[in-house]
Amino acid sequence: MKIIMLGAPGAGKGTQAQMIADKYSVPHISTGDIFRANIKNGTELGMEAKKYMDQGLLVPDELTVKILLDRVAADDCENGYILDGFPRTIPQAQVLDKALTELNDGIDYAIDVDVPDENIVKRMSGRRACLACGATYHIEHVPPKKEGICDRCGKELVLRDDDKPETVLNRLKVYHEQTQPLIDFYSKKGVLRTVDGTKPMQDVFDTIVRTLEA
Ligand code: AP5
Ligand code: ZN
């Protein structure tokens, strides 16, 4: 099972990707989480990525593509994976397509989690993230059991640097310009499925599962 999660920043890609990964026991691969882990560990890649991320811009394809291709070549990806946040540009999608075609393989579904821009800014200001394990919470919709502490690993939860309202608006602009064209790209391949991401999380998940098992 190879799945791509599409959708605006804050649409709930990460939330749904983690739920799908848990249900089907395949890895959840988020390029954003990979970059944030590198920033936290002070690696060269992290320092370079941070320059772009803090402005709400995309990290250049040259940096992103290699990391992703190395990651999907790992042993734990043998039975599939959920990609969250990749591809984000047409060139990234073409590279992935070529790599899979060479293996006689392809993407099974690209799931577009559809949420209008108006809902996004509100969601982002309430999000809290664990930079240690990648878990995501929301102060109203998905509060952690203990305020400010990750349920999964016990580390501190933070407001992401790029979740400030002005950066969110920039991320939305970048999304519409560079990432939204992927909806057409995967629609033409016949693998696009759109779900209404404004519904409660469990409803969104149930719809995705029905799609995958149809
Ligand atoms: P990335 O980490 O991928 O961020 P993003 O796409 O902006 O997505 P988010 O993680 O912000 O949101 P999400 O859709 O996963 O929503 P979530 O589930 O958390 O990328 C960050 C940056 O890294 C990029 O800006 C770029 O610079 C760089 N980058 C990453 N990949 C790249 C690539 N391929 N190429 C170039 N650059 C790249 O949900 C949001 C909130 O809403 C949460 O609080 C959640 O609890 C809540 N929520 C979720 N679902 C619901 C629901 N149904 N109802 C109510 N609340 C909900
Ligand atoms: Zn954690």
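So here's what we get for this one:
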item: Residues that are out of contact with any Asp or Glu (no Cβ under 9 Å at 6 or more places or on another chain) and either away from ligand 1 (no atom under 11 Å from the Cβ) or assigned to a strand (DSSP E or B) (or both), drawn from the stretch 157-168; result: 158, 164, 165, 166
item: Cross-chain or 6+ apart pairs with Cβ under 8 Å, the stretch 31-47 first and at positive phi, then modelled with pLDDT of 95 or more; result: none
item: Residue among 129, 135, 110 that is open to solvent by less than 60 Å² (accessible area, probe 1.4 Å), under 20 Å from residue 82 (Cβ atoms) and near ligand 1 (Cβ under 8 Å from one of its atoms); result: 129
item: Matching residues in the stretch 3-35 - criterion: being charged (D, E, K, R) and open to solvent by 40 Å² or more (accessible area, probe 1.4 Å); result: 22, 23, 33
item: Single match in 58, 63 (criterion: in contact with a helix residue (DSSP H, G or I) (Cβ under 9 Å, 6 or more places away or on another chain), open to solvent by 50 Å² or more (accessible area, probe 1.4 Å) and within 9 Å of ligand 1 (Cβ to nearest atom)); result: 63
item: Enumeration of residues in the stretch 130-156 that are among the aliphatic types (A, V, I, L, M), part of a loop (DSSP other than H, G, I, E, B) and under 19 Å from residue 11 (Cβ atoms); result: 135, 139
item: Any hit, the stretch 124-137, residues being at pLDDT 95 or above, away from ligand 2 (no atom under 16 Å from the Cβ) and in contact with a strand residue (DSSP E or B) (Cβ under 9 Å, 6 or more places away or on another chain); result: no
item: Residue list for the stretch 169-189, restricted to those being over 20 Å from residue 95 (Cβ atoms) and in a loop (DSSP other than H, G, I, E, B); result: none
item: Criterion (out of contact with any helix residue (DSSP H, G or I) (no Cβ under 7 Å at 6 or more places or on another chain), among the small types (Gly, Ala, Ser) and over 20 Å from residue 33 (Cα atoms)) met by exactly one of 154, 190, 197; result: 190
item: Of the criteria (1) in contact with a strand residue (DSSP E or B) (Cβ under 7 Å, 6 or more places away or on another chain); (2) of a type in the set (A, V, I, L, M, F, W, C); (3) surrounded by 15 or more Cβ atoms within 10 Å (Cβ to Cβ), which one residue 185 fails; result: (1)
item: Residue in the stretch 153-165 that is nearest to residue 54 (Cα to Cα), counting only those that are open to solvent by 40 Å² or more (accessible area, probe 1.4 Å) and either in contact (Cβ under 8 Å) with a residue 24 or more places away in the chain or within 16 Å of ligand 2 (Cβ to nearest atom) (or both); result: 161
item: Residues satisfying the stated conditions in the stretch 189-207, i.e. more than 7 Å from ligand 1 (Cβ to nearest atom) and either open to solvent by less than 50 Å² (accessible area, probe 1.4 Å) or under 19 Å from residue 4 (Cβ atoms) (or both); result: 189, 190, 191, 192, 193, 194, 195, 196, 205, 207
item: Single residue of the stretch 81-103 satisfying the filter (surrounded by 17 or more Cβ atoms within 10 Å (Cβ to Cβ) and among the small types (Gly, Ala, Ser)) that is farthest from residue 5 (Cα to Cα); result: 93
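The values are calculated or read from the model by the stated rules, or taken from the named source; none is laboratory data. It should be emphasised that the depicted structure is a prediction, and the values quoted were computed from it without experimental measurement. Every residue, glycine among them, receives a Cβ derived from its backbone with ideal geometry; neighbour counts consider all protein chains shown. Just so you know, the surface numbers come from the protein's heavy atoms only, side chains and all, with ligands and any DNA or RNA stripped out. Shrake-Rupley method; radii C 1.70, N 1.55, O 1.52, S 1.80 Å.
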